[in-house]
Amino acid sequence: MSEAGSDPMYAGLDLLSTSVLLVDAGGEVRYANPAAENLLELSLKSLQRAPLPDLFTNGAELSALCAQALAHQYADLRQDLSLQRAGREPLHVICSVSAQGSSELLVELRENVQQLKLDREERILDQSQANKELIRNLAHEIKNPLGGIRGAAQLLELELPPHHLLELQEYTQVIIKEADRLQTLVDRLLAPHRKPHIVGDVNIHEVCERVRSLILAEFPTGLTIRRDYDASIPEFRGDMEQLIQVVLNIAHNAAQALRSRIAQGDAEIVLRTRVARQVTLAKVRYGLALDLHIIDNGPGIAPEIRDRIFYPLVSGREGGSGLGLTLAQTFVQQHLGVIECESRPGLTDFRILLPLP
């Protein structure tokens with residue numbers, strides 16, 4: 001058999017965005033198109049003559065599919081696979097195998113986007129839960145000695161010698177004020193776990209309008225907040241105050257990031273509501289979900305923090321507490337929803353999905 005990579009009849013495969021490999025009857029790769037090289041993170045030279053199942057630590061299932069196709073048991077085999085690779089992330093793919101004559105197979109690998117999304121949501125939920133436990137434990141550990149430090153500073157201030165009172169009081173006041181500042185921070189860290197979840201009927205457009213009025217009151221000129229609502233979205237059960245806080249935290253961050261454009265007069269935030277159908281949230285399938293977007297035309301989130309924006313104490317703004325998005329994520333998860341973000345210069349889009357009745 002000639003090398004497929006050198007045969008003009010296979011040149012069209014190079015143009016496909018889908019990963020395609022040609023495999024002989026012995027399971028060895030004869031050809032892989034550029035999309036397959038990118039997916040597998042291996043060059044054509046590395047792939048050629050390599051047994052396809054041996055590229056994965058769990059290649060037996062793929063080998064069985066190839067054997068069935070060669071035996072012409074099925075015209076075209078399709079199966080969801082999670083292909084494990086040593087030291088790298090597994091590949092979640094939809095694998096199609098079809099026989100090309102009696103001695104050659106065409107193997108097509110397409111990333112399983114839905115499975116990737118589910119895995120990403122699961123990682124976010126696990127990370128969020130770990131963050132919450134860490135914050136709660138750390139906050140309690142900090143909170144306990146703070147009162148003692150502040151009390152000791154107050155007692156020390158009472159014992160200061162009169163002739164050095166003003167001079168030394170400056171230091172005791174620093175201790176007291178910093179202890180108060182830390183106490184405020186600890187209270188904010190613990191706030192999501194203390195506040196009760198008050199459930200009632202929620203109209204998401206009332207939430208958006210409340211936030212819109214608050215933001216425009218703070219930024220009355222230079223900023224346009226555009227409404228793009230789907231009036232058919234039904235009311236749902238939720239905590240309205242928490243959801244106002246979620247949308248307000250995100251919209252306020254957007255307004256802060258838009259300061260330079262506000263000065264120019266062309267800053268814009270879009271509040272968009274839609275209905276999403278057949279949505280999986282935290283491994284649960286819902287027929288309907290609220291699809292809320294908060295979009296701004298600001299500079300975008302810095303790449304170095306883009307993957308960590310929901311972590312506590314991570315902020316892209318000087319002087320920011322880094323708690324607003326953490327709080328937003330906590331409240332959204334308490335409503336069984338998810339929050340996502342896509343950002344590039346000129347467009348940042350926060351997407352909130354919440355189940356609807």
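Where a number appears in this text, it was derived from the coordinates with a stated rule and is not lab data. Computed from a predicted structure; not experimentally measured. Cβ sites come from the backbone with ideal geometry, for glycine too, and all protein chains shown count toward neighbours.
Take the Cβ-Cβ distance between GLN48 and GLU111 as r, set R0 to 22 Å, and report the resulting FRET efficiency rounded to the nearest 0.05. Intermediate values should be presented prior to the final figure.
Details: r = 23 Å, r/R0 = 1.03.
My answer for the efficiency is 0.45.
Could you give me the ³J(HN,Hα) list for segment 345-356, computed from phi with Karplus coefficients 6.51, -1.76, 1.60 and θ = phi - 60°, whole Hz, x at Gly and Pro?
Residue by residue, segment 345-356 yields x, x, 7, 10, 10, 8, 10, 10, 10, 10, x, 10 Hz.
Would you kindly work out the equivalent ellipsoid of segment 4-111 from its C-alpha gyration tensor and give its semi-axes, the square roots of five times the eigenvalues, largest first in whole Å? Please list the in-between numbers first.
Values: eigenvalues 67, 62, 32 Å².
Semi-axes (√(5λ), whole Å): 18, 18, 13.
Around SER232, under 13 Å between beta carbons, what's the net of Lys plus Arg minus Asp minus Glu among the other residues? Walk me through the numbers on the way to the answer.
Values: positive: ARG274, ARG277; negative: ASP230, GLU235, ASP291.
Net charge in that neighbourhood comes out at -1.
Scan segment 229-270 for GluC sites (Glu not before Pro) in coil per DSSP, keeping those whose Cβ has at most 15 other Cβ atoms within 10 Å, and list them by number.
On the way: sites: GLU235, GLU241, GLU268; in loops: GLU235.
Those that pass, being in a loop and sparsely packed, are GLU235.
Take TYR171, TYR31 and order them by how many other Cβ atoms sit within 10 Å, fewest up front. Kindly include the intermediate steps, with their values, before the conclusion.
Values: TYR171 13, TYR31 22.
Neighbour counts put them in this order, fewest first: TYR171, TYR31.
Within segment 14-101, report the GluC sites (Glu not before Pro) that DSSP leaves as loop and that have at most 16 other Cβ atoms within 10 Å. Display every interim value, and only then the final one.
Working: sites: GLU28, GLU37, GLU41, GLU61; in loops: GLU41.
Here the GluC sites (Glu not before Pro) that fit, given the DSSP loop and packing criteria, are GLU41.
Report the percentage of all Cα-Cα pairs in segment 200-355 whose separation exceeds 22 Å, rounded to a whole percent.
Values: 4639 of 12090 pairs.
Percent of Cα pairs beyond 22 Å in segment 200-355: 38.
In nm², what is the average projected area of the convex hull enclosing the Cα atoms of segment 243-287? Can you show the working numbers first?
Numbers: hull surface 17.9 nm².
Projected area, direction-averaged: 4.5 nm².
Can you work out the FRET efficiency for the pair GLU304 and ALA64, with r the C-beta to C-beta distance and R0 = 56 Å, to the nearest 0.05? Mind showing how you got there, number by number?
Numbers: r = 44 Å, r/R0 = 0.78.
So the FRET efficiency works out to roughly 0.80.
Counting only Cα atoms, I'd like the Rg/Rh figure for segment 18-75, Kirkwood definition for Rh. Intermediate results must be reported in sequence, preceding the final value.
Details: Rg = 11.3 Å, Rh = 11.7 Å.
Looking at segment 18-75, the ratio lands at 0.97.
From the phi of every residue in segment 252-265, what ³J(HN,Hα) in whole Hz does the Karplus formula 6.51 cos²θ - 1.76 cosθ + 1.60 yield, where θ is phi - 60° and glycine or proline is x?
Taking θ as phi minus 60°, the curve returns 5, 4, 4, 4, 4, 5, 8, 3, 5, 6, 4, 4, 7, x Hz for segment 252-265.
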